[in-house]
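Take a look at the structure below.
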Amino acid sequence: MTVIQESPARLTRKPEEAAPMLGVGRNGVYDLIRSGQLRSIRVGRKILIPLTAIEDFLNGTGGSK
């Protein structure tokens, strides 16, 4: 019997993946994070952006780290 496991939908994106969603370049995403306009999560050295943070930013309700 073969068991196929589907990976759960990812709830975060890397800055490189979030950039086209936000209409900015990769450095623009880092600038938004640094300025506090876009929430992010730090896991070790990795920066992840929750999809809810992207939605909040696009709706104009984003902010604070």
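Any read-out appearing in this document is the output of simple, stated calculations on the displayed coordinates, not a laboratory observation. Quantities reported herein were computed from a predicted structural model and do not represent experimental measurements. Positions of Cβ are backbone-derived with ideal geometry, glycine not excepted, and every protein chain shown enters the neighbour counts.
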Select from the range 53-65 the residues that are touching a residue at least 12 places away in the same chain (Cβ under 8 Å) and either of a type in the set (Lys, Arg) or assigned to a helix (DSSP H, G or I) (or both) and list them in ascending order. Ala53, Ile54, Asp56, Phe57, Leu58, Lys65
For the range 16-49, give me each residue that is farther than 17 Å from Gly60 by Cα and touching a Gly at 6+ places or on another chain (Cβ under 7 Å). none
Between residues in the range 28-40 that are under 14 Å from Ala53 (Cα atoms) and residues that are surrounded by 15 or more Cβ atoms within 10 Å (Cβ to Cβ) and among the hydroxyl-bearing types (Ser, Thr, Tyr), which pairs lie under 6 Å by C-beta distance while being six or more apart or on different chains? Ile33/Ser40
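Which ones in the range 8-46 are of a type in the set (Lys, Arg) and assigned to a helix (DSSP H, G or I)? Talk me through it step by step, then tell me what you get.
Residues of the range 8-46 that are of a type in the set (Lys, Arg), as a first pass: 10, 13-14, 26, 34, 39, 42, 45-46.
Matches in the range 8-46: Arg26, Arg34.
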